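Just dropping this structure here.
The values are calculated or read from the model by the stated rules, or taken from the named source; none is laboratory data. Because the structure is predicted, anything quoted here is derived from the model rather than measured. Here the Cβ is made from the backbone with ideal geometry for all residues, glycine too, and neighbour counts use every protein chain on show. Areas reflect the complete protein model, heavy atoms only, side chains present, ligands, DNA and RNA absent. Shrake-Rupley method; radii C 1.70, N 1.55, O 1.52, S 1.80 Å.
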Amino acid sequence: SAVVSSNPELNGLVAIDPASGAWRHVTGTEQMAMANALVTDGWGGLWVTDTVLGAVWRVFVNGDLPDRAPVVELWVQDPLLEGTGALPYPFPIGANGIDVDFVGNTVYVANTERSTIVGIPITHEGAAGEPFVHAELPGVAADGIALDRAGNLYIADPPAHTLWKLTPEGELVAVADVDDGLSGPSSVALYEDEDRLVAYVSNQAIGDPETIKHGPSIITIELE
């Protein structure tokens, strides 16, 4: 498995052995400016957002063997993925949450400061096509995202303590909020079978103290 670290000394990806807990820095990923979110393609590859560069990297970690370095490539860098610097941080918060529609061959990326979801087509050769604005979400600080089988996109919004659902038709609906246990939600993952759709949401519990009702946690939300 792999996780993202924003520690400057561990810039890029850190791979963790689930059994032993031992970790190692994934060679070559130190060139990322600020790795944020990632998603696997199921074949040993990862798409990783770079918040500061406004970019998406591809990393083929199956090649990270003693005699063979992993393949790390800057898959796409585009102004639509760049932040604006509007938030009170020493760096822009652009490309953030990411998920892939393997049926539609499109990568979706949340841009937090621009309040948009950006789509990036995957060409037949696996390269990035021309990025486009899939949805504009005024007032939504889009962070982690996840797609369900029906094409609905679930979006974590930390300042609003809200989980949104964006339908394929473009309708935006709040499906959970602070009263459901959300507290600065930053990432979302889905479990889906024929009978259930469950969102696993991580709570940062940071932001305006007057709106924080719950501590850091991972909660589950039953979705319809």
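With respect to ALA150, is the statement that it is in contact (Cβ under 8 Å) with a residue 60 or more places away in the chain and over 30 Å from PRO209 (Cβ atoms) true?
no
Quick one: what pairs do we get from the range 17-44, first residue more than 15 Å from TRP75 (Cβ to Cβ) and among the aliphatic types (A, V, I, L, M), second in a loop (DSSP other than H, G, I, E, B) and open to solvent by 60 Å² or more (accessible area, probe 1.4 Å), C-beta under 8 Å, 6+ apart or different chains?
Between residues of the range 17-44 that are more than 15 Å from TRP75 (Cβ to Cβ) and among the aliphatic types (A, V, I, L, M) and residues that are in a loop (DSSP other than H, G, I, E, B) and open to solvent by 60 Å² or more (accessible area, probe 1.4 Å), the close pairs are MET34/SER6; MET34/PHE91.
Condition first: touching a Phe, Trp or Tyr at 6+ places or on another chain (Cβ under 8 Å) and more than 21 Å from ALA146 (Cα to Cα). Can you find one or more residues in the range 86-102 that meet it?
The answer is no, given that none of the residues of the range 86-102 is touching a Phe, Trp or Tyr at 6+ places or on another chain (Cβ under 8 Å) and more than 21 Å from ALA146 (Cα to Cα).
Pull up the range 179-203, narrow it to residues that are open to solvent by less than 30 Å² (accessible area, probe 1.4 Å) and over 18 Å from the mean Cα position of the chain (by Cα), then point me to the one that is modelled with the lowest pLDDT.
My answer is GLY181.
OK, next. Tell me, please, whether a residue that is open to solvent by less than 40 Å² (accessible area, probe 1.4 Å), at pLDDT below 95, acidic (Asp, Glu) and not in a strand (DSSP E or B) can be found in the range 65-72.
No, the range 65-72 contains no residue that is open to solvent by less than 40 Å² (accessible area, probe 1.4 Å), at pLDDT below 95, acidic (Asp, Glu) and not in a strand (DSSP E or B).
Just one of (1) at pLDDT 90 or above; (2) open to solvent by 50 Å² or more (accessible area, probe 1.4 Å); (3) closer than 22 Å to ASN36 by Cα; (4) not in a strand (DSSP E or B) trips up ILE206, so point out which.
Among (1) at pLDDT 90 or above; (2) open to solvent by 50 Å² or more (accessible area, probe 1.4 Å); (3) closer than 22 Å to ASN36 by Cα; (4) not in a strand (DSSP E or B), the lone unmet condition for ILE206 is (1).
Also, I was wondering about something else. Give me the pairs: first residue in the range 209-223 and closer than 13 Å to VAL178 by Cβ, second residue among the hydrophobic types (A, V, I, L, M, F, W, C) and assigned to a loop (DSSP other than H, G, I, E, B), beta-carbon distance under 6 Å, and six or more apart or on different chains, which are they?
What qualifies is ILE212/ALA205; GLY215/ALA205.
Considering only residues that are in a loop (DSSP other than H, G, I, E, B), open to solvent by less than 40 Å² (accessible area, probe 1.4 Å) and out of contact with any helix residue (DSSP H, G or I) (no Cβ under 9 Å at 6 or more places or on another chain), which ones fall in the range 35-50?
ASP41
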